[in-house]
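Since every read-out is calculated from the coordinates, none of them should be taken as a lab result. Nothing here was measured: the structure is a model prediction, and the numbers come from that model. Neighbour counts run over all protein chains shown; Cβ positions are idealised from the backbone, glycine included.
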Amino acid sequence: MLVFLDESGDTGRKISSGSSAFFVVSIVIFLDNDEALRCDQRIGLLRSELGLPHNYEFHFGHNSKRIRQAFLEAVNPYNFSVVTVAINKDPNKLYGEGFKVKSSFYKYACQMVLTNALPYLDKAILVIDKSGNATFQGELRKYLRDKLGDKDGEKIKSFKAQQSHQNNLLQLVDYCVGVSNRKIQSKKDWQEYYKYIAAKQQSWQEWPK
C-alpha cells in the first residue's frame, strides 16, 4: 500500500495580510502497488503527449486549464482513494497556542488527515514532499507515530520524503489537494475539476465548523 501526502495553502494566521483562508491536506491511497505503477507511467506518458519536457513537474496551482484537464482525465481511470481535511483559519473559529506555530500546525493537520484514513491503512508506505529539513521530518514521523498510536507500524510501515519533481504520484496528490482547496473556497470553476476525483473521495472534513 502506497500513500502520498501534500498540502495546499499555508499555515500562516495573518489572513488579512495575504495568508490563505484555508490550510488543506490530502492523501492519495493506492491499495495496489501495481496500480500505482500504472498510474505513474501514465503521468509520464502524458508529458510526451502534451509536448512537455520529460522532467516537467505537473503542479495544479501553476498549470493552465488545458493541462489541468488533461492531467485529471489521464489519471481518472486508475483506482485510488482521496482523504482530505480542510482547516478553516478564521480566527473566530480556530484558536489555540499550537496553531500559532507553523510546524505544530502542519503536524496537527497531517495527523488529522491520517487519523481519518486509519480504517483504510495497512502497513502503508507514506511518501511526503521533501521540503522540510531532516530534523523536522524525523519530528513529524515521531509525532505521527505517537498521535496515531502506531508505534509498531501496523498502519504506516515506513515514511519516505522525496522531491515532488521526481515523483509523479506526489504530483498526483498535489492535484488532488489543489482541487480540494478550490472546492472549499467555492471558486467558480471548482466543479469542472472536482468531478474527476469526486467518486474517489473516501473522506472529506472541513474543520472547525
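In a fully extended conformation the segment linking Asn88 and Ala199 would gain 37.6 nm over its present Cα-Cα distance, using 0.36 nm per residue. Extension gain, Leu45-Gln185: 0.36 nm per intervening residue step, less the Cα-Cα distance, totals 47.2 nm. Among the listed pairs Lys102/Lys209; Lys100/Lys155; Lys102/Lys183; Lys65/Lys89; Lys142/Lys200; Lys151/Lys195, those whose Cα-Cα separation exceeds 26 Å are Lys100/Lys155; Lys65/Lys89; Lys142/Lys200; Lys151/Lys195.
A helix-only calculation puts the chain at -12500 deg cm²/dmol for mean residue ellipticity at 222 nm, using -39500 (n - 2.57) for each DSSP H run of at least four residues, averaged over all residues. Which FRET efficiency value, to the nearest 0.05, is calculated for Leu52 and Ser158 with the Förster distance at 30 angstrom and r the Cβ-Cβ distance? About 0.40, to the nearest 0.05.
A value for Cα extents along the principal axes in Å was derived from the coordinates, and within the list (i) 51, 36, 33; (ii) 49, 42, 31; (iii) 54, 32, 32 it appears as (ii).
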